[in-house]
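Student: My structure is below; once you've seen it, I'll send some questions.
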Amino acid sequence: MTDLHEHITRRIDAATDELVTLTSELIRFPTINPPGEDYTLCAEYIGNRLKKRGFQVNYFRGHGTPGDTDRFPRTNIIARYEGRGPGPTVHFNSHIDVVEVGPDWSMDPFAGIVRDGKVYGRGACDMKGGLASSIIAVEAYVDANPGFMGAIEISGTVDEETGGYGGVAYLAEKGLFSKPRVDHVIIPEPLNKDRICLGHRGVWWAEIETLGVQAHGSMPFLGDCAVRHMGAVLSAFEDELFPLLASKQTDMPVVPEGAKKSTMNINSIHGGDGEDYSGFPAANVPDSCRIVIDRRFLLEEDLATVKREVTSILDGLKNSREDFEYAIRDMWDVLPTMTERDAPVVKAVSQAIEEVMEKKPEYVISPGTYDQKHVARIGHLHDCIAYGPGILDLAHRADEYIIIDDMVESAKVMAFATHQLLTGTK
Ligand SMILES: [Zn+2]
């Protein structure tokens, strides 16, 4: 190990208590999204800390993006530390929003409780523990090597859990995730401390509606039941679509194993009795039934084919089933993305993992998307990965936690990788 790496290691080990405190304090902001609670307070907490450490701090509100109101402003923070002179910029991007709490918690999810070598709380794993690790890593690096060339940025961004439009997408539109400002991006999402996540599968969300004719429920033969038509759609999906999806297997290293196949979830179904249904059904034949589908696709698939697999089944029903009418509306889509294995950021983090953990990293693809899509597609920056200390399976679960030792190891990896990316040396 080089002297610098030893110096960084000592500093990070000595900052362990600080890392734990920082993680707990970040968890205490209940940044639940939706609606986007406490974003400004959390962003300012990060900004105040880094300003004291000599970072230039800027806040960017995602004006006009989904959910942005004066009550729930989409407040992002970017902090930048300039080195001694020109050089590349390494950027650590974490989302500050967390998902709703949900049932089954055995403790206060926003207390940041420390117990048995773990910090508990909503967002501990996804991804305030990763954010805290990157802050400690960068502070230790700046202290250990104050004469470095280039720049380091840390961002805390909003709305990742709802698509990232008011967060990384908004900032990328402003050029804040593009060269020449930024060269290398590490997103400390919880993909496990010894894994490098190169990218993610694609997504297509759509709403399918079957159409009927309203009539009195005592004389359904006078109408046409949209819910029965939707039943035919679901049954055709079971017979034709789900077996087709299960037969597709990607060569990409997607985890967990089940996500190596194409998948589709049916997110919701609504039919009959309007939105204000209160438990007293009306005697009506429903004229509309809607489902929302969430189709996740593989690098080997293209979006047009993915859509056609669904519409051809619907068109088939139109031919075979009397009075079958449907409408389909695209809601959003994201193409699969994957950073090359020999990209600088992949090599730097891979070598750092080998040095810190004495093992080779595993290369993975995430089953779901995260903000890398905006960095790649809007920022046109392809030197981007997800790497962070959280355990993937704990994300969004009750009693979510982060292991303190994992954060410490992962912070060392981040600091070593930063040095390599800034200097081109180990
Ligand atoms: Zn996340």
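Student: Would the stretch 181-202 turn up any residue that is surrounded by fewer than 24 Cβ atoms within 10 Å (Cβ to Cβ), away from the ligand (no atom under 15 Å from the Cβ) and over 30 Å from LYS412 (Cβ atoms)?
Tutor: yes
Student: From ASP126, ASP108, ASP159, which residue is more than 14 Å from the ligand (Cβ to nearest atom) and at pLDDT 95 or above?
Tutor: The unique qualifying residue is ASP108.
Student: Sticking with this one: Criterion first (within 16 Å of the ligand (Cβ to nearest atom), in contact with a helix residue (DSSP H, G or I) (Cβ under 9 Å, 6 or more places away or on another chain), assigned to a strand (DSSP E or B) and closer than 26 Å to VAL375 by Cβ) does ASN58 satisfy it?
Tutor: no
Student: List pairs: first in the stretch 312-335 and touching a residue at least 24 places away in the same chain (Cβ under 8 Å) and farther than 27 Å from GLY368 by Cα, second among the small types (Gly, Ala, Ser) and in a helix (DSSP H, G or I), Cβ under 8 Å, 6+ apart or cross-chain?
Tutor: Final answer for the pair search is GLY316/ALA236; LEU317/ALA232; LEU317/ALA236; ARG321/ALA232; PHE324/ALA232.
Student: Taking the stated definitions as given, is ASP68 out of contact with any Cys (no Cβ under 9 Å at 6 or more places or on another chain), assigned to a loop (DSSP other than H, G, I, E, B) and without any contact (Cβ under 8 Å) to a residue 24 or more places away in the chain?
Tutor: When the stated conditions are applied, ASP68 does not pass them.
Student: I would also like to ask the following. Can you find, within the stretch 404-426, the residue that is nearest to the ligand (Cβ to nearest atom) among those that are over 20 Å from HIS95 (Cβ atoms) and touching a Gly at 6+ places or on another chain (Cβ under 7 Å)?
Tutor: Among those that are over 20 Å from HIS95 (Cβ atoms) and touching a Gly at 6+ places or on another chain (Cβ under 7 Å), it is ILE404.
Student: Being among the small types (Gly, Ala, Ser), touching a strand residue (DSSP E or B) at 6+ places or on another chain (Cβ under 6 Å) and crowded, with 18+ Cβ neighbours inside 10 Å narrows it down to one of GLY121, GLY167, GLY163, GLY112, so name that one.
Tutor: It is GLY167.
Student: Quick check on the stretch 223-231. Is at least one of its residues within 32 Å of the chain's Cα centre (by Cα) and in contact (Cβ under 8 Å) with a residue 12 or more places away in the chain?
Tutor: Yes, the stretch 223-231 has at least one match.
Student: Being surrounded by fewer than 19 Cβ atoms within 10 Å (Cβ to Cβ) and over 24 Å from ILE135 (Cα atoms), is that true of even one residue in the stretch 347-356?
Tutor: Checked the stretch 347-356: no residue is surrounded by fewer than 19 Cβ atoms within 10 Å (Cβ to Cβ) and over 24 Å from ILE135 (Cα atoms).
Student: Same structure again: Tell me which residues, restricted to the stretch 65-104, are under 22 Å from the mean Cα position of the chain (by Cα), away from the ligand (no atom under 16 Å from the Cβ) and over 24 Å from TYR170 (Cβ atoms).
Tutor: PRO103 - this is the single residue of the stretch 65-104 that is under 22 Å from the mean Cα position of the chain (by Cα), away from the ligand (no atom under 16 Å from the Cβ) and over 24 Å from TYR170 (Cβ atoms).
Student: Here's a follow-up. Considering each of PRO344, PRO336 in turn, give the residue that is within 22 Å of ASP393 (Cα to Cα) and crowded, with 16+ Cβ neighbours inside 10 Å.
Tutor: Within the list PRO344, PRO336, the selection yields PRO336.
Student: Whether any residue in the stretch 55-63 is within 19 Å of the chain's Cα centre (by Cα) and surrounded by 18 or more Cβ atoms within 10 Å (Cβ to Cβ) is what I want to check.
Tutor: Yes, because at least one residue in the stretch 55-63 is within 19 Å of the chain's Cα centre (by Cα) and surrounded by 18 or more Cβ atoms within 10 Å (Cβ to Cβ).
Student: Here is a further query. Can you give me the number of residues within the stretch 203-230 that are more than 16 Å from the ligand (Cβ to nearest atom) and either of a type in the set (A, V, I, L, M) or farther than 30 Å from ASP273 by Cβ (or both)?
Tutor: Going through the stretch 203-230 one residue at a time, the tally reaches 10.
Student: If a residue has to be assigned to a loop (DSSP other than H, G, I, E, B) and either out of contact with any Gly (no Cβ under 6 Å at 6 or more places or on another chain) or under 27 Å from HIS63 (Cα atoms) (or both) to count, how many in the stretch 77-107 make the cut?
Tutor: Final tally of qualifying residues: 13.
Student: Among the strands (runs of 3 or more DSSP E) contained in the stretch 108-197, which hold 1 or more residues that are more than 19 Å from the chain's Cα centre (by Cα) and in contact (Cβ under 8 Å) with a residue 60 or more places away in the chain?
Tutor: Fully inside the stretch 108-197 and qualifying: 118-120, 151-157.
Student: For the condition within 22 Å of GLN420 (Cα to Cα), crowded, with 24+ Cβ neighbours inside 10 Å and more than 14 Å from the ligand (Cβ to nearest atom), what is the one hit in VAL142, VAL138?
Tutor: On inspection, the qualifying residue turns out to be VAL138.
The values are calculated or read from the model by the stated rules, or taken from the named source; none is laboratory data. Since the model is a prediction, treat every value here as computed from it, not as a measurement. Methodologically, a virtual Cβ is constructed for each residue, glycine included, from the backbone with ideal geometry; neighbour enumeration extends over all protein chains shown.
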